[in-house]
Each structure stands twice: as C-alpha cells, then as structure tokens.
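Here is the structure we will look at, set down as structure tokens.
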Amino acid sequence: MTAGDVPFFADRPGAVASDDGIAHFGDPVREQRRLAAGEAVVPRDDRAVIEVEGPDRLTWLDSITSQALRTLAPGTPTELLVLDPNGRVEHAAGVLDDGSSTWLIADAGDVAGLAKWLTMMRFRSRVEVRVRDDLAVLGYTELGTAEKTVALIAHRPHDMPLVWGDPWREVAIGGWQYAAAPAHPGADYTWIEAIVERDALATLEDVELAGLLAAEALRIAAWRPRWGREVDERAIPHEYDWLRTAVHLDKGCYRGQETVAKVHNLGHPPRRLTLLHLDGSDSVLPEPGTPVLLASSGDDASEVGHITSSARHHELGPIALAVLARRVPADATLEIRTDGSRIAAAQEIIVPADAGATADVPRLTRLSRRPLAQPPTT
C-alpha cells in the first residue's frame with residue numbers, strides 16, 4: 001500500500017488503519033481466533049501482484065532466482081528469492097503459474113523494486129513484466145467458510161483460480177531445514193492468499209474480516225520470515241531457515257548461488273532467527289528494530305541482535321521474531337528495553353548456532369601433529 005491509498009474496507013465498523021492497511025476491526029484477539037479457524041478473511045493491502053507473461057517466463061525466472069521453476073506445474077505454489085552477487089536477499093515472492101502467466105505475490109514495499117529488476121533482466125527473453133494494480137490479495141487459512149467464499153471470486157484469467165498456498169508448511173523439494181524442533185509450527189500454518197479483482201471486493205459485504213495484526217501473529221508463531229519484516233541489508237537466506245521453501249540447492253547457477261552453497265556446505269550463517277517469548281506483565285510490544293540485549297542489571301548490557309516482528313498471540317501471548325548473533329548461547333537470558341520498560345525474553349530456537357557446514361569434508365591432521373617419518377631400518 002502506498003502513501004495516500006485508502007484501504008478498501010476502511011469504512012467497516014471498528015476498522016483501524018495503519019501504514020500497511022487495516023490493522024484490526026475492533027477486536028484483534030477475536031479476529032485472530034476466527035482467522036486461525038478459517039472463518040475470517042484478511043484484506044492484504046500490504047501485498048501486491050506482478051504478472052509475468054511470455055513463453056520463456058519459467059526458464060527465465062529459473063535462471064535468475066533461487067528457485068527451480070523450469071518444470072513448475074500449473075497450480076503448484078512455491079516461492080523464490082532474488083539474491084545479490086554476495087548471496088544477500090534483495091527480493092522475495094510467492095509464485096503461482098496458471099499455464100499462461102506466472103503470478104508473483106510480494107510485499108507491497110518490494111513490488112516496485114522487484115518489477116524494475118525483473119524488467120532490467122529481460123534482455124532477449126520473451127517475457128513481459130507488469131505490476132497489476134487492478135488486483136488485490138486476500139489472506140485466510142484453509143478448511144473453513146472463508147476459503148469457500150473467496151474461492152468463488154478468485155481471479156481466473158486462464159480458467160484456473162489464482163489461489164496460492166504458502167509452502168511453509170513443509171520442506172520443499174530441493175530445500176533444507178535447519179530447525180531441529182520435533183514439531184515444526186510451520187506444519188500447522190495453512191496460510192492461503194488469493195488474487196482477486198479489486199472490483200470483486202464489493203461482493204464481500206457479509207464476510208467476517210480480520211486485520212493485519214491477526215495475520216502477523218499467526219505468521220510469527222509459525223516462524224515464517226517475510227521480506228517486509230525480517231530482511232535487512234545483511235540478510236542471507238540461511239539465517240531465517242529460508243532454505244526450507246525458497247531455495248533449491250540442486251538447481252543450476254544463479255546470482256548469489258556461490259554464497260548459498262558455501263555457507264550451507266562449509267560455513268555457518270553469522271546470525272540466526274529465533275522466536276522470543278516476551279514477559280507479558282507489561283502491555284508494551286517492542287517495535288521492529290528494537291535492540292535485543294543480554295540481560296544485565298546495569299545500563300551497559302551488550303546488544304546481541306534486534307527485533308524484526310512482534311505480536312500478541314491468542315494462545316502464546318506476546319511473541320516476537322528476532323535476529324541474533326550466532327554466538328548468543330541458546331540458554332542466554334535476554335531482555336528488550338523499550339519505552340522505559342525492561343521486557344524479559346526467552347528463546348525458542350529456530351536456526352541453531354551450528355546450522356550449515358553440512359558437507360562431509362575430511363579433515364587432515366595438521367603437519368605439526370603428524371608423526372615424524374622414521375628412517376628405514378637396515
């Protein structure tokens with residue numbers, strides 16, 4: 001959503017707007033419960049759509065992004081990253097092909113930059129790139145009345161409804177998971193985003209709506225990274241466990257692949273994403289960018305990371321995603337200081353400190369430690 005835009009459902013009773021869209025419709029906790037149950041729809045003003053047309057679209061996207069797309073079947077959802085030459089994340093998008101066009105769903109703040117970069121990279125490829133301002137995105141979870149309602153109005157320019165199921169619920173083919181949790185919360189994250197024509201939104205008069213706060217709480221609880229919150233100028237996909245769904249480790253060359261392979265096979269990501277359970281005795285939620293500190297009684301506590309997203313979850317209470325330095329111990333006592341408050345934080349490890357270094361490389365004994373050669377006996 002750009003400055004000056006008015007969210008479509010801003011006139012609904014109780015609607016409270018934010019910079020990204022409708023934050024909530026008067027009762028964030030109830031909206032979150034209804035959303036989790038599949039009974040509410042979130043207007044995703046913070047998401048936008050790019051259409052890529054042309055016979056070369058899949059092979060071309062395959063050659064310039066982190067995902068294997070050459071043989072992507074119509075209706076199969078996936079996601080991609082655009083990396084810089086040093087393997088840092090520049091853009092991210094959900095991907096759905098309908099047999100005639102490839103549709104990219106991205107955070108609204110990333111769409112203009114992503115579309116510009118894709119246009120610059122066309123060269124002789126037979127593709128056309130268009131930002132579709134006439135289309136909107138609706139979010140919901142599966143197996144509820146919301147899914148059935150939105151499916152009826154999903155855009156279908158080539159007979160197939162444009163409904164993207166977030167692949168985060170399982171490790172994709174060619175992907176890799178660093179998280180060692182016995183039950184990954186992403187398995188229960190049945191998130192769906194449907195592309196609809198803006199003119200069709202008027203038909204949702206009787207649909208129960210939830211705000212962006214509800215969607216964010218479910219995302220954070222599922223450990224799901226997104227471009228508009230977790231990514232900064234240093235981000236590499238390993239730090240967010242994004243190899244699960246957005247990187248194919250066995251595909252051909254693309255920009256940034258050398259760093260992806262080197263860190264995964266031989267090194268460790270310098271930072272790691274973690275879920276923080278926040279002390280709920282205070283009503284303050286830390287804003288993105290708030291420093292995470294090693295707990296200390298003084299004012300000289302060392303900074304070891306920063307908050308990327310925070311929310312009040314209907315079951316877990318106050319939670320946040322944070323990017324920490326790899327060296328931070330898993331059992332370290334952490335705190336966040338904001339608005340004069342000190343908030344204690346307990347880690348739930350997403351990316352462990354020993355992530356990476358997956359290659360079984362033989363280690364040679366140092367020369368200084370090898371036994372000296374013995375002279376031959378006569």
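The values are calculated or read from the model by the stated rules, or taken from the named source; none is laboratory data. This structure is a prediction, so every number in the text was calculated from the model and none was measured. All Cβ positions, even for glycine, are placed from backbone atoms using ideal geometry, and neighbour counts span all protein chains on display. Remember, those area values only see protein heavy atoms, side chains included, never the ligands or the DNA or RNA. Shrake-Rupley method; radii C 1.70, N 1.55, O 1.52, S 1.80 Å.
Here are some notes:
- Annotation: peptides 129-135, 88-94, 243-249, ranked by per-residue average of other Cβ atoms within 10 Å with the highest first, follow the order 243-249, 88-94, 129-135.
- Burial ranking of peptide ranges 108-121, 184-197 (average Cβ count within 10 Å, highest at the top): 184-197, 108-121
- Once the mean of 1/r is taken over each pair of separate Cα atoms and inverted, the stretch 95-159 shows a Kirkwood hydrodynamic radius of 14.0 Å.
- Distance between the pseudo-spin-label points of residue 353 and residue 117 (7 Å out from Cα toward the beta carbon): 3.2 nm.
- Here's how it looks for residue 56: its modeled amide H is under 5 Å from those of 126, which are all 5 or more places away or on a different chain.
- Convex hull volume of the Cα atoms of the stretch 240-298, normalised per residue: 153 Å³.
- Here the extension length gained between residue 277 and residue 262 equals 2.2 nm, from 0.36 nm per residue of separation less the Cα-Cα distance.
- Under 19 Å of direct C-alpha separation, and excluding same-chain neighbours fewer than eight residues apart, residue 262 reaches these lysines: 251.
- Residues residue 284 and residue 173, FRET efficiency given R0 of 30 Å [Cβ-Cβ distance, rounded to 0.05]: 0.10
- Cα extents of the chain along the three principal axes, largest first (Å): 98, 59, 35
- Extension gain (nm, one decimal) between residue 151 and residue 124, 0.36 nm per residue minus Cα-Cα: 6.0 nm
- Taking amide H as placed 1.01 Å from N in the peptide plane, the amide H of residue 23 sits under 5 Å from that of 16, 17, 18, 212, each at least 5 places away or on another chain.
- Across the accessible surface of the stretch 82-140, with the other protein chains kept in place and a 1.4 Å probe, carbon and sulfur atoms take up 48 percent.
- Proximal lysines relative to residue 116, as straight alpha-carbon distance under 21 Å, when same-chain residues fewer than 8 apart are discounted: none
- Taking 0.36 nm per residue of separation and subtracting the current Cα-Cα distance, fully stretching the chain between residue 203 and residue 29 would add 60.1 nm.
- Percent accessible area from carbon and sulfur atoms, the stretch 150-301, protein chains only, probe 1.4 Å: 52
- Solvent-accessible area per residue for the chain (1.4 angstrom probe, square angstrom): 47
- More than 20 Å apart - percent of Cα-Cα pairs taken over the stretch 204-350: 52
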